[in-house]
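Scroll down for the structure; my scribbles are underneath it.
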Amino acid sequence: MDFAILDLNKPYLLVPEKLYEYAKRKNIEIKNFKERFLCMAYFKGLHTLMWHASIDDLVSCESITRSINELEERMNRLAD
(Lines give C-alpha, C1' and ligand atoms only; values in the text may rest on other atoms or scores of the structure.)
Protein backbone atom coordinates (compact mmCIF):
# COMPACT_ATOMS: atom_id res chain seq x y z
CA MET A 1 0.00 0.00 0.00
CA ASP A 2 2.87 2.39 0.76
CA PHE A 3 4.14 2.10 -2.82
CA ALA A 4 0.69 2.93 -4.19
CA ILE A 5 0.38 5.96 -1.91
CA LEU A 6 3.83 7.15 -2.94
CA ASP A 7 2.89 6.81 -6.60
CA LEU A 8 -0.38 8.72 -6.14
CA ASN A 9 1.53 11.57 -4.52
CA LYS A 10 4.56 11.54 -6.82
CA PRO A 11 3.68 9.77 -10.09
CA TYR A 12 6.78 11.16 -11.81
CA LEU A 13 8.90 8.80 -9.67
CA LEU A 14 7.42 5.85 -11.63
CA VAL A 15 7.23 3.69 -8.50
CA PRO A 16 5.34 0.68 -9.92
CA GLU A 17 7.52 0.54 -13.02
CA LYS A 18 10.70 0.58 -10.96
CA LEU A 19 9.36 -1.89 -8.40
CA TYR A 20 8.22 -4.24 -11.17
CA GLU A 21 11.62 -4.13 -12.90
CA TYR A 22 13.48 -4.57 -9.59
CA ALA A 23 11.45 -7.66 -8.69
CA LYS A 24 11.97 -9.05 -12.18
CA ARG A 25 15.74 -8.47 -12.01
CA LYS A 26 15.98 -10.14 -8.59
CA ASN A 27 13.71 -13.04 -9.63
CA ILE A 28 11.13 -12.06 -7.01
CA GLU A 29 7.69 -13.26 -8.00
CA ILE A 30 4.87 -10.90 -7.05
CA LYS A 31 1.69 -12.67 -8.08
CA ASN A 32 -0.87 -10.45 -9.80
CA PHE A 33 1.40 -7.43 -9.38
CA LYS A 34 -0.55 -5.10 -11.68
CA GLU A 35 -3.93 -5.99 -10.22
CA ARG A 36 -2.72 -5.73 -6.63
CA PHE A 37 -1.00 -2.39 -7.20
CA LEU A 38 -4.05 -0.95 -8.93
CA CYS A 39 -6.32 -2.26 -6.18
CA MET A 40 -4.34 -0.42 -3.51
CA ALA A 41 -4.17 2.72 -5.65
CA TYR A 42 -7.94 2.65 -6.20
CA PHE A 43 -8.53 2.07 -2.51
CA LYS A 44 -6.36 4.98 -1.39
CA GLY A 45 -7.40 7.14 -4.33
CA LEU A 46 -11.10 6.75 -3.54
CA HIS A 47 -10.50 7.45 0.13
CA THR A 48 -8.58 10.59 -0.77
CA LEU A 49 -11.25 11.62 -3.27
CA MET A 50 -13.96 11.30 -0.62
CA TRP A 51 -12.07 13.58 1.72
CA HIS A 52 -11.33 16.23 -0.91
CA ALA A 53 -14.93 16.07 -2.15
CA SER A 54 -16.17 16.62 1.41
CA ILE A 55 -14.34 19.96 1.49
CA ASP A 56 -15.38 20.86 -2.10
CA ASP A 57 -11.79 20.77 -3.38
CA LEU A 58 -12.54 20.23 -7.07
CA VAL A 59 -8.97 20.91 -8.22
CA SER A 60 -7.55 18.13 -6.02
CA CYS A 61 -10.34 15.75 -7.04
CA GLU A 62 -9.52 16.29 -10.71
CA SER A 63 -5.80 15.83 -10.04
CA ILE A 64 -6.34 12.59 -8.13
CA THR A 65 -8.69 11.23 -10.81
CA ARG A 66 -6.14 12.08 -13.51
CA SER A 67 -3.35 10.41 -11.53
CA ILE A 68 -5.36 7.21 -11.08
CA ASN A 69 -6.30 7.09 -14.77
CA GLU A 70 -2.70 7.62 -15.80
CA LEU A 71 -1.55 4.90 -13.39
CA GLU A 72 -3.90 2.43 -15.00
CA GLU A 73 -2.49 3.27 -18.43
CA ARG A 74 1.08 2.94 -17.12
CA MET A 75 0.32 -0.44 -15.54
CA ASN A 76 -1.10 -1.70 -18.83
CA ARG A 77 2.24 -0.91 -20.50
CA LEU A 78 4.26 -3.09 -18.10
CA ALA A 79 5.68 -6.16 -19.79
CA ASP A 80 4.33 -9.53 -18.74
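Some points to look at:
This table checks each residue for (1) surrounded by 14 or more Cβ atoms within 10 Å (Cβ to Cβ); (2) part of a loop (DSSP other than H, G, I, E, B); (3) touching a strand residue (DSSP E or B) at 6+ places or on another chain (Cβ under 6 Å).
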| residue | (1), (2), (3) |
| --- | --- |
| LEU6 | yes, no, no |
| LYS18 | no, no, no |
| LYS24 | yes, no, no |
| GLU29 | no, yes, no |
| GLY45 | yes, no, no |
| ILE68 | yes, no, no |
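- The range 50-66, subset of a type in the set (A, V, I, L, M) and part of a helix (DSSP H, G or I), residue modelled with the lowest pLDDT: ILE64
- Residues that are more than 13 Å from the chain's Cα centre (by Cα) and not acidic (Asp, Glu), drawn from the range 1-46: TYR22, ALA23, LYS24, ARG25, LYS26, ASN27, ILE28, ILE30, LYS31, ASN32
- Check on ARG36, among the charged types (D, E, K, R), in a helix (DSSP H, G or I), in contact (Cβ under 8 Å) with a residue 60 or more places away in the chain and surrounded by 13 or more Cβ atoms within 10 Å (Cβ to Cβ): no
- Scanning the range 29-63 for residues that are in contact with a Cys (Cβ under 8 Å, 6 or more places away or on another chain) and hydrophobic (A, V, I, L, M, F, W, C), we see that the one that is nearest to ASN9 (Cα to Cα) is LEU49.
The values are calculated or read from the model by the stated rules, or taken from the named source; none is laboratory data. Just so it is clear, the model here is predicted, and its values are computed rather than measured. Here Cβ is always computed from backbone atoms with ideal geometry, including for glycine, and neighbour counts include all displayed protein chains.
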